[in-house]
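No value in this document is a laboratory result; all are computed from the given coordinates. Please read these numbers as outputs of a predicted model, since none were measured by experiment. Heads up, the Cβs are rebuilt from the backbone with ideal geometry, glycines too, and the neighbour counts pull from every protein chain shown.
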Amino acid sequence: MSSDKLHVGFLLTGLDGGGAERVMLDLAAALIARGHRADLVIPRLAGDYRAAVPSGMHVRRARIPGTDGKLLQALRRSGVHVEATTVNPFGVARSWLALGRKGLDLPVRRRLRVYAYATMIATYVREARPHVLVSALPGVDAAAVCAAQLTDRAVPVVVTVHNVPADYYAPEWLAASRTLYPLADTVVAVSRGVGEAVRSLGVDAERVRTIYNGVPAGRIRRLAQEEVTHPWFADGAPPVVLSVGREAPSKDYPTLVEAFGLARREADSRLVILGKLSAPYRARLKSLARGLGVAGDLGFVDFDENPYRYMRRAGLLALSSRSEGLPTVILEALACGTPVVSTDTPCGPREILGEWGDLPPVGDAPALALALVATLRGERPTEEALRARAADFSVEKAADAYVALFEELARR
């Protein structure tokens, strides 16, 4: 390895609009800015992220049906190098047999996809010879560890865990993680609480590192200046309680809607949920709001790759989750100078907020309502204090920690 240049292979299933994907792409951008090489190896070129993929990144995708042609064109226009790789079915079969002989015949329903992706990663390792592989999300983690076995551990594997596995992983993937995570060279947990959960899966303590997610505050502040056409965010309109996330039981939007219904009696405001929510789920939340008399004050905004322009204009950001790892959305809101109210999940929010935001109990709508009202009435830190807190979780600090880890593993 060159004394000052790293070659890192990032592994994701696609460019979906999730927090883990955003964190990995931001980290890749920080590495590229420092002169390192960052590759992205993905089985499918599809998803919502376009601008988040940094210029100068090398993307290797499988040549399979379902490629998003518009995304491919957008990436190439922005200076991202994209190449396609054919995944040979016979090669996948050989990988399956080889992994079986090593005791890694995974008892999961989608194991053929895992083995196909592992085969693709193994080919990439042999051809590109990166210094380290970094994976995120359970299926990708499995493929990364399997690929390392297929290449006789030619390259170290860093698995990043972004949530408490027992709360987020399906039972089959939780069982697979108990087998696979101990085989990774390092498991990075995004918070101390997640680190404890990882160690409970049987991973040796010395293999677990806690590295907080980082956000590019400067870029967030620039994007936050972009225009918002939604009338609820106009100057002089009632303050908006904004929640940003996806449809998932862990996000507990019903409790947020119930809390907003209570808060609306005390403070003139509106609630907007930004993200991918299905029509039936939106209808369910709207029905709940109707029963509380606030249906006219509940709105939805589809996924937007630039949520920061909404954050900057919101009265506050609300998180009603039952479980989190280290919610990137809180860090992004702080970088915008926007106050945050978050449920006090077992790990994550408290490690960020502390004195910088209210932390009502999980699932407690009245307590959440009280926190919303207090924040809307001005009981909040200053914008400068919030931005200063976000700086403690900068992408530069995260990049420093990852580079140190990568160099340590490469030297081994």
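Details
- Taking the chain as the region of interest, the number of lysine pairs whose Cα atoms are within less than 27 Å, with members eight or more places apart or on different chains, is 5.
- Residues whose placed amide H lies under 5 Å from that of L316, excluding near-sequence neighbours: V240, L242
- Simple Cβ-charge dipole of the chain, Lys/Arg +1 and Asp/Glu -1, about Cα centre, in debye nearest 20: 1320
- Ordering T382, T179, T343, T338 by the number of other Cβ atoms within 10 Å of each residue's own Cβ, fewest first, gives T382, T179, T338, T343.
- Among the GluC sites (Glu not before Pro) found in segment 365-412, those both in a DSSP coil and sparsely packed, with 14 or fewer other Cβ atoms within 10 Å of their Cβ, are E379.
- Stretch gain in nm, segment T382-R101, where the contour uses 0.36 nm per residue and the Cα spacing is subtracted: 95.2 nm
- The modelled label-to-label distance between K286 and R178, using points 7 Å beyond Cα along the C-beta direction, is 4.4 nm.
- One chain, two ends: N306 and D392. Fully extended at 0.36 nm per residue, the span grows by 28.8 nm beyond their Cα-Cα distance.
- The angle between the Cα long axis of helix 365-376 and the main principal axis of the chain comes to about 80°, on a 0 to 90 degree scale.
- Only beta bridges with both residues in the chain are counted; by DSSP, about 0 percent of them are antiparallel.
- Residue order, fewest to most surrounding Cβ atoms within 10 angstrom, among S135, S78: S78, S135
- Remark: segment 71-195 carries a charge dipole of roughly 200 debye about the Cα centre, counting +1 on each Lys and Arg Cβ and -1 on each Asp and Glu Cβ.
- Between helix 19-33 and the chain: long-axis angle, C-alpha atoms, 0 to 90°, nearest 10: 60
- Cβ crowding within 10 Å ranks R387, R101, R270 as R101, R387, R270, fewest other Cβ atoms first.
- Distance between the pseudo-spin-label points of R246 and R199 (7 Å out from Cα toward the beta carbon): 2.9 nm.
- Computed from the C-beta positions of V87 and A401 and an R0 of 22 Å, the FRET efficiency is 0.05 to the nearest 0.05.
- Applying 0.36 nm per residue to the separation of A46 and R94 and subtracting their alpha-carbon distance, the gain on full extension is 14.5 nm.
- Three-way shape call for segment 217-391 based on the alpha-carbon gyration tensor, with the a/c threshold at 1.5: rounded
- Max mean-square fluctuation residue, GNM over the chain, Cα-Cα springs under 10 Å, options E227, E305, E258: E227
- Average Cα contact separation per residue, segment 217-391, under 8 Å, 6 or more apart, as relative contact order %: 26
- If R0 is taken as 60 Å, the Cβ-Cβ distance between R412 and R265 corresponds to a FRET efficiency of 0.50.
- Helix 111-128 axis, angle to the chain major axis (alpha carbon atoms, nearest 10°): 70
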